[in-house]
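**Student:** To start, I am sharing the structure in question, which I have written as structure tokens.
The values are calculated or read from the model by the stated rules, or taken from the named source; none is laboratory data. Computed from a predicted structure; not experimentally measured. As a convention, Cβ positions derive from the backbone with ideal geometry for all residues, glycine included, and neighbour counts pool all protein chains shown.
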Amino acid sequence: MNKQVKSCKDCGIELLARIHGQQFCQNCARNRERVAQKKINDKIRDAWHTYKIGLGCILCGYHKNSAALEFHHMEGKDHEVDASDWYFNNSKAKELEKCVLLCRNCHAEQHFLELNKQVEEEE
């Protein structure tokens with residue numbers, strides 16, 4: 001039984017054509033997948049940063065750098081996932097409905113006010 005011998009298009013290693021249409025060895029196929037996934041992730045991350053900058057802080061209007069913008073869960077809302085991660089899925093969409101976008105300074109002030117309110121209620 002003659003098996004057709006092919007070579008990987010990236011590294012040239014010989015492949016046994018067990019899989020119809022196989023063009024790359026396992027290592028090269030994995031590397032190509034990593035590169036493709038990184039491109040997709042970069043596009044999603046860029047869109048996420050653009051989205052945050054477009055909204056800006058709802059209290060002071062800051063919108064210069066997305067790294068300084070954070071999602072704040074509204075008082076009394078339970079949070080199940082981290083709304084600040086750049087990846088997006090259905091659970092993130094539901095979580096964002098419970099949040100507002102604040103700059104780091106406004107976010108820190110908001111938490112300070114909430115903590116003081118809790119302390120006053122306990123006294």
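**Student:** Check Q110 against each of (1) closer than 30 Å to V5 by Cα; (2) of a type in the set (S, T, N, Q); (3) at pLDDT 85 or above and name the one condition it does not meet.
**Tutor:** Of (1) closer than 30 Å to V5 by Cα; (2) of a type in the set (S, T, N, Q); (3) at pLDDT 85 or above, only one is false for Q110: (1).
**Student:** What number of residues within the range 70-105 are at pLDDT 80 or above, over 23 Å from N116 (Cα atoms) and surrounded by 12 or more Cβ atoms within 10 Å (Cβ to Cβ)?
**Tutor:** Total satisfying the criteria: 1.
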